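Engineer: Please see the structure below; I have some questions.
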Amino acid sequence: MKRTPLYQVHESLNAKFTEFGGWEMPLQYSSIVKEHLAVRTTVGLFDLSHMGEFEVCGLGANELVQKLSTNDAGRLTDGRVLYTLFCNETGGIVDDLLIYRHADNHYMLVVNAANIDKDLTWVETHNNAGTKIKNVSENTALIALQGPKSIDVLNSFVPERDVSGISFFRFAVDEVAGIRTVISRTGYTGEIGFELYVPAENAERLWNVLYPAVMEADGQPVGLGARDTLRLEAGLRLYGMDMNDDTNPFEVGLGKFVKSKNRQFIGKRALLAQKKKGITKQMIGFQMLDRAVARAGYAVYQDGEQVGEVTSGAPSPSLKCNIGFASVTFQTASDDQKIDIEVRGKMHAAKIVTVPFISPGT
């Protein structure tokens, strides 16, 4: 398995490790609940260096990024970030990602760790103008601060800037503790937070500067376990669980990121046809009505008939109940509508609830 530049740091903190997308990553340091609640109330420190980064620049970069993206990358200006999807010709989701615009014809694409090779091939295959594409994933580390105290912690290491001035889905290039850093604010936990991209050789130095400040603010280092429960509460889909190549954006509640007016992109024809025809399945949020935890793959029933399955499910430390996403075939869904989920051979009651499960603080 691959390891991030911070692997030895995690070992020194007695992290419990797990495999994720071919990477050996910290699952937790203390407990998932403790780390989760630290992000909601104070601040959490994350190693996300397993994520993939591609530099796309030079002649034709604007056109290439626009052709690949379901969202309208043409409306990006320098210093802005866009959440978008890569879709194939049939409308299936190749990946979800972030696009950072540094300048005209200069972008950074941030893709999911398990999809780095697939996405790189996808981008290169559709590069018909000789645009320069460079996979900088191994040379880039990504450390995140998330939580209501993240501004205070980060500000103490950025003397020339008040980071609260970096708006949601914006980024700036500055020095953090003397290290040149791309500072972005996209908030994948549903909290105020920042993502810090630095050269891999500076990862340990930056972590060792931030860690004491996080602990002094009553924060925690945070592993993948709490990262998953945080994103679930925030209503964010996870590639490989809630969506894949066989699902389209409308089926997983991401239709708002398909911008088709006055532009062309891969999968547009299939997606417009699907939108006109209507979807045969949809994604819902649910809350269990007892203590059962519904995990991915568990069957969902309505009136005794199986109508779908859970795609993500976990306990919610913030809400003190068990929640999740499910892909279902029925067309009408409303708050408090009852469903049943089969958990280890027994039926357990649940109700449909509005996503996100918590109000995000961005």
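Taken together, the values in this text are just the output of simple stated rules run on the coordinates, not laboratory data. Predicted model, so just to flag it, every value in this text is computed and none were measured. So basically every Cβ, Gly included, is an ideal-geometry build from the backbone, and we count neighbours across all protein chains shown.
Engineer: Please sort 45-53, 96-104 by packing, taking for each peptide the average over its residues of neighbouring beta carbons within 10 angstrom, highest first. Write out the running numbers ahead of the final one.
Structural biologist: On the way: 45-53: 23.7, 96-104: 19.1.
With the highest mean Cβ count within 10 Å placed first, the list reads 45-53, 96-104.
Engineer: Mind putting together the pair-distance distribution for segment 123-214? All Cα pairs, 5 Å bins, whole percent per bin, short to long.
Structural biologist: It works out to 3, 13, 24, 22, 16, 10, 6, 5, 2, 0, in whole percents.
Engineer: Quick one: which of K34/K351; K281/K338; K67/K118; K67/K259 span more than 19 angstrom between C-alpha atoms? Working shown, then result.
Structural biologist: Numbers: K34/K351 27 Å; K281/K338 17 Å; K67/K118 17 Å; K67/K259 12 Å.
Over 19 Å apart, Cα to Cα: K34/K351.
Engineer: Obtain the nm distance between the two label points defined at T125 and K320 by a simple spin-label model: each point lies 7 Å from its Cα along the Cα-to-C-beta direction.
Structural biologist: My value for the distance between the label points is 5.0 nm.
Engineer: At 37 °C and 0.692 mPa s, what whole-number value in µm²/s does Stokes-Einstein give for the translational diffusion of segment 222-362, with Rh from the Kirkwood sum over Cα pairs?
Structural biologist: Working: Rh = 15.9 Å.
Rounded, D is 207 µm²/s.
Engineer: So how many Å³ per residue does the convex hull of the Cα atoms of segment 280-353 work out to? Walk me through the numbers on the way to the answer.
Structural biologist: Numbers: hull volume 5.6 nm³, N = 74.
Spread over its residues, the Cα hull of segment 280-353 gives 76 Å³ apiece.
Engineer: Pop out the ³J(HN,Hα) list for segment 326-331 in order, Karplus 6.51 cos²θ - 1.76 cosθ + 1.60 with θ = phi - 60°, rounded to Hz; leave Gly and Pro as x.
Structural biologist: Karplus-based 3J(HN,Hα) across segment 326-331 equals 9, 9, 10, 9, 6, 8 Hz.
Engineer: Based on the Kirkwood radius over alpha-carbon pairs, what is the Stokes-Einstein translational diffusion coefficient of the chain at 37 °C with 0.692 mPa s viscosity, in µm²/s?
Structural biologist: Values: Rh = 21.2 Å.
The Stokes-Einstein estimate is 155 µm²/s.
Engineer: Would you give the gap between the C-alpha center of segment 130-174 and the C-alpha center of segment 74-102, rounded to a whole Å?
Structural biologist: 19
Engineer: Could you tell me which of P221, T189, V209 has its Cα farthest along the dipole of segment 146-252 towards the positive end, charges placed at Cβ (Lys, Arg +1; Asp, Glu -1), taken about the Cα centre?
Structural biologist: It is V209.
Engineer: Okay, next question. Taking 2.2 N^0.38 Å as the expected size of a compact globular protein, what ratio does the Cα radius of gyration of segment 82-143 give against it, to two decimals?
Structural biologist: On the way: Rg = 12.0 Å, N = 62, 2.2 N^0.38 = 10.6 Å.
Compared with the compact-globule rule of thumb, segment 82-143 sits at 1.14.
Engineer: Please compute the volume of the convex hull spanned by the alpha-carbon atoms of segment 1-101 and report it per residue in Å³.
Structural biologist: Working: hull volume 16.6 nm³, N = 101.
Value for segment 1-101: 164 Å³ per residue.
Engineer: Hey, can you list the DSSP H helices of the chain whose Cα span along the axis is 15 Å or longer and whose average Kyte-Doolittle score is at least 0.0? Don't jump to the answer; show the numbers that get you there.
Structural biologist: On the way: long enough: 203-216 (20 Å, 0.19).
Span-like helices in the chain: 203-216.
Engineer: Can you order the peptides 180-186, 213-219, 157-163, 70-76 by their average number of other Cβ atoms within 10 Å per residue, highest first?
Structural biologist: Values: 180-186: 21.0, 213-219: 17.6, 157-163: 14.1, 70-76: 19.1.
Final packing ranking: 180-186, 70-76, 213-219, 157-163.
Engineer: Sorted by packing (mean other beta-carbon atoms within 10 Å per residue), highest first, where do 79-90, 127-138, 277-288 land? Numbers along the way, then the final one.
Structural biologist: Values: 79-90: 19.2, 127-138: 15.2, 277-288: 17.3.
Listed from highest to lowest mean packing, they are 79-90, 277-288, 127-138.
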